[in-house]
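First comes the structure, then the notes that go with it.
None of the figures in this text is laboratory data; all of them are computed from the coordinates on show. Note that the coordinates shown come from a computational prediction; the quantities given were computed from them, not determined experimentally.
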Amino acid sequence: MYLQAPELRGDDVAELQRLLTTLGFPLGHIDGIHGDETAESLVDFQLNAGIVPDGVCGPVTIEFLQRVAKRFGEPGDITRLQERQRFSVPSHRLTGYKIFLAECGGLDAIIASLRRNLTDAGAETLTAHHPDWSSHARQANHFGADFCVGVEVRDGASSICHFLGDHFESPAGKQLGVAISDDLQELFPGITSTGMRLPLLRETQMPALLCRLNDVNSLVRAHQRMATIITKALRDFAQSGLD
């Protein structure tokens, strides 16, 4: 396995990422996508292990990874610790935080309301309007966002989604998702917080939420109230940190 275009995807890549994360070579989510971060972590590991740093995960590298990883704990523990450290300094406002806002078309007014609320709370925001969630994830990573929030309208039950993979669940995403879904019950009865592996969630390098809402009329009528709720949840999180 090595970095190429299109990027390699699959369980073999996820296992490589799991082993690298276990050994303390962070690369974001274990998402099964062999992107730049995975390639850089692989080369870093090879350098530290005294293996030719060619960025190619062949039999020698795999054998070394598996042998050394047996001495360490689960990768999810390391990733959770990294996310906790990222938000270890409390803040009464969102000053210093970079927040990426995304939608796939037709929700400009909703994103604009959210941007105004977050900006008033001190955050630096960047908005994007594109039909492809993977494109949004790349932009959020390039922006160096601390949080990513996406909004879409879809059939089915409403939910606030955070990343949940085979080896890791985002603690920041889960905590924010629960807080937001609780406060949105009045606008979207029955809305839940749930972990998923959607592209926006698994391909971003920061805690990400995707607000999947099933009632466009309620969303249009109450988007300012929803923006206030999301901003409050982020501000409270910045102030108190992870539970």
Next item on the list: Find the relative contact order for the range 11-73 and round it to a whole percent, using C-alpha pairs within less than 8 Å whose residues are 6+ positions apart.
Entry: 33 percent
Item checked: residue 127 long-range amide H proximity, modeled H, under 5 Å -> 101
Checklist line | Which labelled figure in (i) 1.21; (ii) 1.03; (iii) 1.01 is Rg/Rh (Cα atoms, Kirkwood Rh), once derived from the coordinates | finding: (iii)
Checklist line | Amide H within-cut-off set for residue 195, under 5 Å, with H built and near neighbours excluded | finding: 162
Item checked: Degrees separating the helix 75-86 axis from the principal Cα axis of the chain, which is the longest one -> 50 degrees
Checklist line | Alpha-carbon Rg with Dmax, taken over the range 11-73, Å | finding: 10.3, 27
Note to self: Just to confirm my numbers, what's the Cα centroid distance between the range 1-70 and the range 88-146 in Å?
What the structure shows: 30 Å
Item checked: Helix axis angle, 216-240 relative to the chain longest principal axis, alpha carbon, degrees -> 60 degrees
Checklist line | From phi via Karplus (6.51, -1.76, 1.60), per-residue ³J(HN,Hα) for the range 31-45 in Hz, x at Gly/Pro | finding: 10, x, 10, 8, x, 4, 5, 5, 5, 5, 5, 5, 5, 4, 4
